[in-house]
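Structure first, then comments.
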């Protein structure tokens, strides 16, 4: 008889998470954000050449863009998770039915949110003090962008299915096709004025959708039938993702309301600089997600994840130290490229000069909050976000008087630095506690 060992077999060894592994996992997530947000910066620069009025309308529309993005991102992430689970359990046949259900939900949400935006366009215009001479153009632009968003959502859903099936490269190429075509149309036909932007978005979305359907069709995936999986996971998966963008929508809208009394040039300058800030700091979500994925793998295997947490944090800190230096060194020249109007550039430069050096601090907090969201501390992450923005906006509203918005920029910079001694220790302690619980 063979003797049975008294010692249980050791648990499987999971990769501890080297710097290379963390960076490699984060790279596609970061690159995707950089491409999409970089295109927004480029489009903003092209609109700046269309005239001050066009740039102003685009500036006051910026918060609404985040609201539309909340719907698109929340639904696409849900679809990606659903498809990945289908593939994981060997149920590839249900992928097409889930895509069909997601498409119906996407169209319904796009029409619903678009209708609300158009219906409340007058209220939005009043909140950010849009002058009467621009109110009609603002409402027309809102309606056109909301309509174009329907095609954008459907195109992004096909890319999400490709990602969920493990076809990362075709998905990236599909997204790259949308970005390139959208930007090219805006550049080539910029003489047509601001309304070329929603036209370009709709055309690029139609091409992305067509190409996505063809790519999926070649793999036997067709958006037919219905499945409840997407609707079932929309709450636990899609809503938290969309809520993050909804919070950004609310914050951006309230900040614009504070800046609005300073005039159109101040609003345009603020929006340009804020767009650049978004381009710089939002990719930190990719680093946080990569760290969280590796932490969850180790924790699921019954192993501690402190090494992953420390190394992931160091990767973010190191990358954003370099990025912050680049912002400090090249922020001023970049503002000059985004608008030919010296007054607008001056307002944008003031923002970058004051707030730019703190981008690294903000990015580090974003990465850690992302980790918390994905390792089971979602409520704490929401509380940290809401409290941070609530205090910043309340103080900003209080210190700004008349048309001088410089105190708001100082408040934003101080809030970012203060988060390193208030929010950061809380986020770090929660993450450490989880990392030490195999």
Sole residue being part of a helix (DSSP H, G or I), under 18 Å from the mean Cα position of the chain (by Cα) and not assigned by TED's automatic domain parsing to the domain that holds residue 410, chosen from 276, 237, 230
237
Residue match in region 177-190 (condition: in a loop (DSSP other than H, G, I, E, B), modelled with pLDDT of 85 or more, farther than 29 Å from residue 378 by Cβ and outside the structural domain of residue 271 (by TED's automatic domain parsing))
yes
Residue that is under 22 Å from residue 64 (Cα atoms), buried (at least 22 other Cβ atoms within 10 Å of the Cβ) and within 20 Å of the chain's Cα centre (by Cα), where the choices are 288, 242
242
Report the residue count in region 81-102 for those that are under 23 Å from the mean Cα position of the chain (by Cα) and either under 30 Å from residue 138 (Cβ atoms) or crowded, with 22+ Cβ neighbours inside 10 Å (or both).
4
For region 359-438, which fully contained helices (runs of 4 or more DSSP H) count at least 2 residues that are closer than 14 Å to residue 244 by Cβ and in the same structural domain as residue 320 (by TED's automatic domain parsing)?
359-374, 378-399
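Residues are listed down the side, and each one gets a yes or a no for (1) surrounded by fewer than 16 Cβ atoms within 10 Å (Cβ to Cβ); (2) over 29 Å from residue 101 (Cα atoms):
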{"residue": "124", "(1), (2)": "no, yes"}
{"residue": "132", "(1), (2)": "yes, yes"}
{"residue": "139", "(1), (2)": "no, yes"}
{"residue": "145", "(1), (2)": "no, no"}
{"residue": "161", "(1), (2)": "no, no"}
{"residue": "164", "(1), (2)": "no, no"}
For residue 417, state whether it is at pLDDT 90 or above, touching a helix residue (DSSP H, G or I) at 6+ places or on another chain (Cβ under 9 Å), loosely packed, with under 15 Cβ neighbours inside 10 Å and more than 28 Å from residue 77 (Cα to Cα).
yes
For the structure I just gave you, tell me whether residue 363 is closer than 21 Å to residue 296 by Cα, surrounded by 19 or more Cβ atoms within 10 Å (Cβ to Cβ) and within 18 Å of the chain's Cα centre (by Cα).
no
Residues in region 301-322 that are in contact (Cβ under 8 Å) with a residue 24 or more places away in the chain, over 12 Å from residue 364 (Cα atoms) and in a helix (DSSP H, G or I) total 5
Only one of 242, 225, 205 is in contact with a helix residue (DSSP H, G or I) (Cβ under 9 Å, 6 or more places away or on another chain) and outside any helix (DSSP H, G or I). Can you tell me which?
225
I'm checking my understanding of the structure. Among residues of region 387-407 that are touching a residue at least 12 places away in the same chain (Cβ under 8 Å) and within 12 Å of residue 261 (Cα to Cα), which one is farthest from the chain's Cα centre (by Cα)?
402
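The values are calculated or read from the model by the stated rules, or taken from the named source; none is laboratory data. Please read all numbers here as calculations on a predicted model, not as lab measurements. All Cβ positions, glycine included, derive from the backbone under ideal geometry; neighbour counts span all protein chains shown.
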